[in-house]
Amino acid sequence: MSSREPKVPRLDARLIIRDAQRELTRPTRRLFAKQLLSLGGLSLLTGCTLSDDSSVEKMLRRISRFNDRVQGWIFDPNKLAPTYPESMITRPFPFNAYYDIDEVPQVDAASYRLELSGLVRGKREWTLEELRAMPQTSQITRHICIEGWSAIGRWGGITFSDFLKRTGADTTARYVFFKCADDYSTSIDMPTALHPQTQLTLTYDGVVLPPKYGFPMKLRIPTKLGFKNPKHILSIDLTNTYPGGYWENQGYNWFSGS
Ligand SMILES: Nc1nc2c(c(=O)[nH]1)N[C@H]1C(S)=C(S)[C@@H](COP(=O)(O)O)O[C@H]1N2
Ligand SMILES: [Mo]
């Protein structure tokens, strides 16, 4: 993706705002209603420091502009998320899950099989070796978590649309549902699944995906919020029935992306 890397803007805060406008358009109202973002997170997303009243007002004006943009936003499956130069990778990259880092699931590589179910023809189980033998791509993109932080990382793996086509998945199915080795799950719409930057990720920053970042595999979707990026995927189900997900079932906006 290096050919698409933008020039590095002077202010990283400006970049964050631009990304946040894309990434947070739809769920913003709900987020603020639920007060899910901390003040620190808000200042990060808006690029404002909350040192006095006028900066608080400035921040609120920026937030309401996000909301205005929400109204006219229509998902364009061809729109690309920004990519970044290597020098902007966040090190160390944050870990996040609904549990602490010492509870990260340990998946055994040798016995691991990725299971495909639902609307798919042919083979339904894939070993890690078979997945590693498929054509690999890499991306440096920004991950934005609903809890108010964002970070830039480099992920490598199979373009998900390639994977779906190779494995005989029915790409007219409405939803793709992911079940993980912890109790996590999430689901996405087919245009997002087929987006050119949506990646079945096997590596982080050039090495095998570490357990904390989702070994043996995660789905990287730079056009969606962090919680729509499932780690430790065990199975992928193609379905026309709305499948929900761990956070979605607790009231988070399902779409959560641009
Ligand atoms: N299996 C699983 N996937 C998950 C989560 C989780 O708890 N379990 N948390 C999500 C959330 S909210 C975030 S922000 C990212 C964090 O990914 P990271 O640890 O690579 O930063 O993983 C997402 N995918
Ligand atoms: Mo998150």
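Ligands, DNA and RNA left out, the 1.4 Å accessible surface of segment 86-250 is 50% carbon and sulfur atoms.
Accessible-area rank, largest first, for Glu103, Glu115: Glu103, Glu115, with all protein chains present and a 1.4 angstrom probe. Packing, as the average of other Cβ atoms within 10 Å across residues, places the peptides 121-129, 187-195 in the order 187-195, 121-129, highest first.
The residues of segment 86-250 present an accessible area of 40 Å² per residue when probed at 1.4 Å with all protein chains retained.
Across the cross-link table entries Lys165/Lys228; Lys79/Lys165; Lys123/Lys212, which are compared at the Cα atoms, the separations over 27 Å belong to Lys123/Lys212.
The values are calculated or read from the model by the stated rules, or taken from the named source; none is laboratory data. Bear in mind that the values here come from a model prediction, so they are computed numbers and not experimental data. FYI the Cβ positions are ideal-geometry reconstructions off the backbone, even for glycines, and counts take in every protein chain you see. Only protein heavy atoms, including side chains, enter the accessible area calculation; ligands, DNA and RNA are left aside. Shrake-Rupley method; radii C 1.70, N 1.55, O 1.52, S 1.80 Å.
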